[in-house]
Amino acid sequence: MNQAPYISASPSVTSIMLRVLLALVPGIAAYVWVYGSGVLVSLALASITALGSEAILLHFRQRPLMPFLMDGSALLTAWLLALALPPLAPWWLVVVGTLFAIVIAKQLYGGLGYNPFNPAMVGYAVLLISFPAIMTQWPVPLALAHAQLGFLDQLHFIFTQALPGGVTLDAISSATPLDYLKTQLKLQHSVGDILHAPVFGALGGRGFEVVAGAYLLGGLYLLQQRIISWHIPTAFLLTLAVLAAGSHLADPAQHAGAAFHLFSGASMLCAFFIATDPVSGPTTPRGKLLFATGVALLTWLIRSYGGYPDGVAFAVLLMNICVPLIDAATQPRVFGHE
Amino acid sequence: MSLFKFHGGVHPPEHKLKSTAAPIRSVTMPLRLVLPLRQHVGNVAKLMVAVGDHVLKGQLLAAPDGMISAAVHAPTSGTIAAIEERLIPHASGLPDLCITLNADGEDRWGDHQPLDYQAQEKSAVLDALRLAGVVGLGGATFPSHVKLRADDAHPVLTLIINGAECEPYITCDDLLMRERALEIVRGIEIMQYLLGAKHAIIGIEDNKPEAAAAMRLACSQNSISITVATVPTLYPGGGAKQLIKVLTGLEVPSGKLPTTIGVQCFNVATAYTVHRFIDHGEPVISRVVTVTGRVAQPGNYEVPLGMEIFDLVQAAGGTADDSNGLVMGGPMMGFNLPSGHVPVVKGTNCIIASAPALFAPQPPAMPCIRCARCAEVCPVNLQPQELYWFARADNFEKARSYDLFDCIECGCCSYVCPSRIPLVQYYRYAKSEILASDKARQAANVARERNELRLARIAREKEERAAKHAERAVGARAEAGGDAKQAAIAAAMARAEAQKAEIVPQNVTDLSPLVATEIKAIDARRGKVDDRD
């Protein structure tokens with residue numbers, strides 16, 4: 001028997017997750033355009049691993065299969081992780097990361113709605129700590145590459161790590177712009193000089209900035225659809241921009257500016273798709289602002305002073321720890337209360 | 001006038017047009033009426049008739065019992081056929097004591113006349129209203145005479161009349177305002193006089209332009225100052241606290257009455273019944289009910305209280321084939337009737353013949369993903385997702401500390417929940433568990449206090465006996481010796497005795513009658529024992 005309210009007006013969990021996946025499509029398209037279609041292999045690998053491991057775990061936990069497999073959340077975790085990994089990452093890297101995200105970070109904590117940490121970021125952090133060399137080895141954007149790999153070549157590389165005759169690893173891979181900047185700064189070069197290198201574009205890394213712009217587009221769609229609220233993207237991007245711009249003004253030789261930080265690394269992905277994960281994030285409006293400010297601060301600190309070129313994953317996970325505290329401390333005033 | 005906003009709110013599809021096409025229709029007086037003794041908030045009314053009695057229309061059948069209670073009257077003339085437990089329109093589906101009245105078909109009024117309310121003491125008018133069965137007809141059914149009593153400590157400056165009718169489907173107030181605006185305004189005038197309120201504001205949602213226009217016209221023909229304010233259509237803008245906030249910008253403090261901020265709020269239909277009683281002497285024996293949903297002739301009907309809802313639905317042309325039940329109230333806060341064979345009561349504002357096409361079957365709930373859409377729409381600015389966790393974990397103290405009891409159960413949270421969690425049901429469960437444990441704790445406290453009292457009394461009586469013995473000994477010695485020192489000792493002991501007598505044991509003020517009688521009985525028994533020795 002139904003109970004009041006008898007009517008309902010919101011998209012279902014599945015529909016929300018599907019729309020977030022849809023919002024990632026422009027970013028994926030840009031990825032393919034910049035780095036070739038190898039990323040689609042990563043996405044497929046991650047998706048299959050996520051759904052398979054989720055199904056097995058649901059079976060062992062004696063939960064109904066279909067509603068949870070169809071809710072789209074495992075697929076979303078898989079996609080976010082695949083997009084955060086180097087596009088030509090070996091197949092086992094994708095599989096191990098996804099398994100960790102779904103099995104450990106999600107299902108063992110109780111499945112959908114119960115994970116205190118962002119599963120995709122847990123998977124990413126595990127891979128970054130375990131396999132730092134592979135994780136920082138990015139392909140050169142097609143436009144800059146000395147040798148072009150076709151789809152089959154990329155597929156072959158992902159599964160065997162073998163390159164076609166005459167092509168060396170150096171010819172197709174390089175450090176990411178954030179990594180490059182960090183290394184060059186250690187070699188006493190100034191930001192102004194470093195940014196003249198060919199890996200940098202108008203805003204961030206060449207190629208990277210296009211992908212970031214496509215994520216921004218998808219993010220605006222999520223805002224328009226009211227899937228996410230403005231608080232987290234705004235606070236994250238604004239804080240990161242202010243920190244970058246401020247430090248750049250204070251010391252232009254040591255710190256890159258706002259545009260570079262916003263359009264490099266995982267900034268845009270984080271602002272609209274990662275930090276906005278509702279399950280592992282805060283729920284109050286002020287809490288969201290606080291959370292996103294913290295993520296941006298930690299990201300900038302790790303990028304500027306830490307041991308890793310990008311800091312999004314660690315920043316998000318560290319702020320995930322603070323969520324219960326943030327929520328408790330930012331309860332809004334209830335109607336009729338002082 | 002400037003309006004204010006409350007947090008959150010939702011815009012469900014209105015579905016009001018299908019029941020506003022026709023004017024208010026009357027129904028044929030049924031052969032049998034069933035009148036529950038409790039159609040209001042408060043004590044069950046006291047029975048004033050017996051089976052076999054012949055009663056006239058408007059005659060008092062059950063009188064209010066105590067302050068918060070309301071009377072029940074005969075909606076037509078006839079014979080009392082039965083007084084027994086019957087199924088009533090309540091979400092619990094439990095039966096309650098009801099009077100069954102067989103109509104004699106004459107519909108003959110008893111003695112009734114208008115009340116010259118300005119020629120009498122206000123308290124006499126309020127007593128009369130109490131006996132007229134006037135209760136809030138917006139759905140809360142709280143006895144109105146209690147709310148109409150002017151209180152010098154909290155004078156009412158603004159009288160707010162609720163014509164918002166924010167729930168989808170329901171249009172009985174809309175039609176009443178369209179057709180009986182002058183009568184409503186007259187009722188407001190009487191209420192304003194009783195409360196001594198400076199002005200009155202009628203709040204009507206802007207999806208009822210005809211009603212607002214009719215009320216404006218009626219107000220312009222009346223000398224007192226009444227403002228008609230159209231407020232944005234936003235559920236639950238018709239909640240008393242929400243409407244007060246929108247119209248005055250003031251928030252009723254949590255756990256307090258609106259009078260603490262100088263406001264009192266009544267429904268338009270309640271104002272109408274006040275007018276019917278004061279100007280015509282008619283108690284509350286009928287009301288306008290919206291019958292809508294999957295019925296052949298949706299619309300509003302003036303229905304005698306006690307009419308079987310099944311008969312009312314038949315009067316509206318009967319239900320469609322796909323109809324699978326009857327809902328009383330609106331789709332946001334209403335409930336499934338246990339059966340169609342229950343009577344229309346004072347709180348029956350709307351009957352919806354439901355169908356799967358109207359109210360889709362609710363899918364199984366998914367886990368909460370903490371999206372906080374519920375918090376965005378909560379008109380009380382609660383954090384429904386947190387309350388849900390606490391209620392689910394039976395963490396009731398935490399739920400209470402997150403202001404569970406400020407929840408008005410409007411259903412906005414469930415309405416927007418992507419996981420389709422029946423949140424309101426969780427809050428009701430938590431509230432009832434907390435109230436039950438409070439009650440148990442209170443009972444334990446009473447028992448403990450009683451025991452402490454008993455121990456204190458035993459100690460006191462022991463001292464008194466000792467003093468008495470000492471006094472006797474002193475008296476004997478005084479008789480024997482009679483010197484001044486002995487007399488001084490006797491005087492001092494008498495003073496001490498007097499002081500002791502003045503000591504009042506703690507916790508004997510504010511005793512419940514039950515405890516007080518019990519103490520008296522124990523004292524009496526102990527007195528007998530003392531007499532023996």
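Would you mind estimating how fast the protein assembly as shown diffuses translationally, via Stokes-Einstein at 4 °C and 1.567 mPa s with the Kirkwood radius over Cα pairs, in µm²/s?
39 µm²/s
Show me the trypsin sites (Lys or Arg not before Pro) within segment B:179-228 that DSSP assigns to loop and that have at most 16 other Cβ atoms within 10 Å of their Cβ.
B:Lys198
If I model a spin label as a point 7 Å beyond the Cα along the Cα-Cβ vector, how far apart are those points for B:Gln425 and B:Leu94 in nm?
Here the modelled spin labels are 2.0 nm apart.
Whole angstrom only: what separates the Cα centroid of segment B:243-290 from the Cα centroid of segment A:271-331?
49 Å
In debye, nearest 20: dipole of the protein assembly as shown around its Cα centre with unit charges on the Cβ of K, R (+) and D, E (-)? Provide the component values of the computation, followed by the final result.
Values: 67 positive and 70 negative charges, 238 e Å.
Its charge dipole is roughly 1140 debye.
When the Cα centres of segment B:177-227 and segment A:1-79 are compared, how far apart do they sit, in Å?
Spelled out, the Cα-based centre of one part sits 55 Å from the other.
If you count the DSSP beta bridges with both ends in chain B, what percent of them are antiparallel, to the nearest 5?
Restricted to chain B, the bridges split so that about 60 percent are antiparallel.
Name the residue farthest towards the positive end of the dipole of the protein assembly as shown from the options B:Ile434, B:Ala498, B:Pro95, assuming +1 on Cβ of Lys and Arg, -1 on Cβ of Asp and Glu, about the Cα centre.
B:Ala498
If you wrap a convex hull around the Cα atoms of segment A:12-174, how much volume per residue is inside, in Å³?
Hull volume over Cα atoms, normalised by residue count, gives 103 Å³.
Taking θ as phi - 60°, what are the ³J(HN,Hα) couplings along segment A:216-233 by the Karplus curve (6.51, -1.76, 1.60), each to the nearest whole Hz, with x for Gly and Pro?
Rounded to whole hertz, the list is 4, 4, x, x, 5, 4, 5, 5, 5, 7, 6, 6, 10, 9, 6, 4, 5, x.
Helix B:484-502: angle to the longest alpha-carbon principal axis of chain B, degrees 0 to 90, nearest 10?
Once rounded, the angle reads 10 degrees.
Taking a probe of 1.4 angstrom, what is the accessible area of B:Ile80 in Å², to the nearest 10?
For B:Ile80, solvent-accessible area is about 0 Å².
Cα extents of segment B:17-290 along the three principal axes, largest first, in whole Å?
Result, largest extent first: 54, 45, 38 Å.
Can you give the convex hull volume of the alpha carbon atoms of segment A:180-328 per residue, in Å³? Intermediate values should be presented prior to the final figure.
Working: hull volume 14.3 nm³, N = 149.
In segment A:180-328, the Cα hull volume divided by residue count equals 96 Å³.
Counting Lys and Arg as +1 and Asp and Glu as -1, what is the net charge of the other residues whose Cβ lies under 12 Å from the Cβ of B:Cys413? Let's see the in-between values first.
Numbers: positive: B:Arg373, B:Arg420; negative: B:Glu376, B:Glu386, B:Glu409.
For residues surrounding B:Cys413, the net value is -1.
Just the number, please: percent antiparallel of the DSSP beta bridges in the protein assembly as shown, rounded to the nearest 5.
Counting DSSP beta bridges with both partners in the protein assembly as shown, the antiparallel share is about 60 percent.
Quick one: helix B:513-532 against the long Cα principal axis of chain B, what's the angle to the nearest 10°, folded into 0 to 90?
20 degrees
Separation between the B:Lys18 and A:Thr168 pseudo-spin-labels, each 7 Å from Cα along Cα→Cβ, expressed in nm?
7.7 nm
Have a look at the DSSP beta bridges in segment B:17-290 and tell me what percent are antiparallel, nearest 5. Working shown, then result.
Working: 21 of 40 bridges.
Around 50 percent of the beta bridges assigned by DSSP in segment B:17-290 are antiparallel ones.
For segment A:157-258, what does the alpha-carbon gyration tensor say about shape, rounded, prolate or oblate, given a ≥ b ≥ c as the root eigenvalues, a/c under 1.5 as rounded, and a/b over b/c as prolate?
oblate
Does anyone have the angle between helix B:181-195 and the longest principal axis of chain B? Alpha-carbon axes, 0 to 90°, nearest 10?
20 degrees
Based on the Cβ-Cβ distance of B:Glu449 and B:Gln499, what FRET efficiency does E = 1/(1 + (r/R0)^6) give at R0 = 22 Å, to the nearest 0.05? Could you put the intermediate results ahead of the total?
Values: r = 25 Å, r/R0 = 1.13.
The formula returns an efficiency of 0.30 here.
Under the 0.36 nm per residue contour assumption, what length would be gained going from the current alpha-carbon distance of B:Asp322 and B:Asp107 to full extension?
That works out to 73.7 nm of additional length.
Shape of chain B from its Cα gyration tensor (a ≥ b ≥ c, root eigenvalues): rounded if a/c is under 1.5, otherwise prolate when a/b > b/c, or oblate?
Taking the square roots of the gyration eigenvalues as a ≥ b ≥ c, chain B is prolate.
Tell me, what are the semi-axes, in whole angstrom and largest first, of the equivalent ellipsoid of segment B:187-297 as set by the roots of 5 times the Cα gyration tensor eigenvalues?
Output for segment B:187-297: semi-axes of 23, 21, 16 Å.
Take the alpha carbon gyration tensor of chain A, find the square roots of its eigenvalues, order them as a ≥ b ≥ c, and report rounded if a/c is under 1.5; if not, report prolate when a/b exceeds b/c, else oblate. Walk me through the numbers on the way to the answer.
Numbers: a/c = 1.99, a/b = 1.25, b/c = 1.60.
Verdict is oblate for chain A.
With +1 on each Lys and Arg Cβ and -1 on each Asp and Glu Cβ, how big is the dipole of segment B:17-290 about its Cα centre, in debye rounded to the nearest 20?
Using only the charged Cβ atoms, the result is roughly 380 debye.
I want to make sure I understand the PRE zone here: with the label point 7 angstrom from the Cα of B:Asp438 toward its beta carbon, which residues in segment A:314-333 have backbone N atoms less than 19 Å away?
Within reach of a label on B:Asp438: no residues.
Can you give me the relative contact order of chain A as a percent, contacts being Cα pairs under 8 Å and 6 or more apart?
Working: 494 pairs, mean separation 60.3, N = 338.
Here the relative contact order equals 18 percent.
If r is the Cβ-Cβ distance from A:Leu325 to A:Leu22 and R0 is 41 Å, what FRET efficiency results, to the nearest 0.05?
On the way: r = 34 Å, r/R0 = 0.82.
It comes out at approximately 0.75.
How far apart, in nm, are two points set 7 Å out from the Cα along the Cα-to-Cβ line at A:Leu217 and at B:Gln486?
Reported label-point gap for A:Leu217 and B:Gln486 is 11.7 nm.
The values are calculated or read from the model by the stated rules, or taken from the named source; none is laboratory data. Keep in mind that what you see is a predicted model, and the values were worked out from it rather than measured. Here the Cβ is made from the backbone with ideal geometry for all residues, glycine too, and neighbour counts use every protein chain on show. The protein model used for the area step is the full one, side chains on, heavy atoms only, and it has no ligands, DNA or RNA in it. Shrake-Rupley method; radii C 1.70, N 1.55, O 1.52, S 1.80 Å.
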